[in-house]
Amino acid sequence: PEGEAEALHSLASLARRKGDNAAAFEFLERSEKLVSEHSETFLKCANTRGLCLIAQNDWSQAEQQFRYALELAEKQSNDHFIRIVTHNLALPAGFRGDFGEALRWFKRIFRDEKSKNPFPQEAIGHLNVARLYLYRGEFEETERHLELALEICQLFNLKSLRGEIFEAYANFYRDTNDFPHASEFYERARKSYEDAGINPIERELDDERAKLFLMRGDAVKAC
């Protein structure tokens, strides 16, 4: 049962990354029925459910799932998942506009940036920190964290994340008025999403590109 539960959770994670939250929820429910509430698999399911809820913009329920997952991780002294869930708990704070709190949560997951042994989850952490700095107009920090995110993404060949990083780079170049690079990275983001089996329409790529066209004074393309 434990092995089957792990496999079902993996299927849920794959479904979530492809934007199929309905299938992800179904796999999670089936997985949870096979294991104890105190198991690592149950912890993983709570965390993944929180990510699915974020995709549905249900931030309150997502935060509850992450807090529950963090409680389980701390009871199990599971440092690996404490880092992962800590990162995810920063997301609702960022959505509320409390960027200071969000950054405090995010920075708890990082080891030394000069470490030769980063772990894959640090890539999304650096990406989200970069997004927060971009919102705050702190472009030097934005670029630094985007570089770290892309470096770790390439190191671990994280195909499902590459499109998001390229899209964030495009937003960075757009907001710094480097329109040629912005256009280039929006196109790279689209291709990366497609290579990872992710439908770009389900992301905010077209909305972000529309903002670029408006900034360039091309209202026709923006529409």
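The values are calculated or read from the model by the stated rules, or taken from the named source; none is laboratory data. Just so it is clear, the structure is predicted and the values come from calculations on it, not from any experiment. Please note: Cβ atoms are built from the backbone with ideal geometry, for glycine as well, and neighbour counts cover all protein chains shown. Surface areas here come from the heavy atoms of the whole protein model, side chains and all, with no ligands, DNA or RNA. Shrake-Rupley method; radii C 1.70, N 1.55, O 1.52, S 1.80 Å.
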Taking into account only those residues within the stretch 68-103 that are farther than 27 Å from Arg203 by Cβ and of a type in the set (D, E, K, R), which is modelled with the lowest pLDDT?
-> Asp79
The correct count of residues that are over 13 Å from the mean Cα position of the chain (by Cα) and open to solvent by less than 20 Å² (accessible area, probe 1.4 Å) in the stretch 147-162 is 1
Exception for Glu141 within (1) open to solvent by less than 60 Å² (accessible area, probe 1.4 Å); (2) of a type in the set (D, E, K, R); (3) touching a residue at least 24 places away in the same chain (Cβ under 8 Å) falls at (3)
Restricting the stretch 32-64 to residues that are open to solvent by less than 40 Å² (accessible area, probe 1.4 Å) and among the polar types (S, T, N, Q), which is farthest from Gly97 (Cα to Cα)?
-> Ser39
Identify, by number, the condition in (1) under 16 Å from the mean Cα position of the chain (by Cα); (2) part of a helix (DSSP H, G or I); (3) without any contact (Cβ under 8 Å) to a residue 12 or more places away in the chain that Asn57 doesn't meet.
-> (2)
Residue among Ile165, Ile201 that alone is in a helix (DSSP H, G or I), open to solvent by 90 Å² or more (accessible area, probe 1.4 Å) and either touching a residue at least 40 places away in the same chain (Cβ under 8 Å) or within 30 Å of Ala15 (Cβ to Cβ) (or both) | Ile201
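From the list Glu140, Glu187, exactly one residue is over 28 Å from Gly100 (Cβ atoms) and not polar (S, T, N, Q). Which is it? Show your work before the answer.
Details: Glu140 fails: over 28 Å from Gly100 (Cβ atoms).
After applying the criteria, what remains is Glu187.
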Lone unmet requirement of (1) free of Cβ contacts under 8 Å to residues at least 12 places away in the same chain; (2) within 22 Å of Glu71 (Cβ to Cβ) for Thr48 = (1)
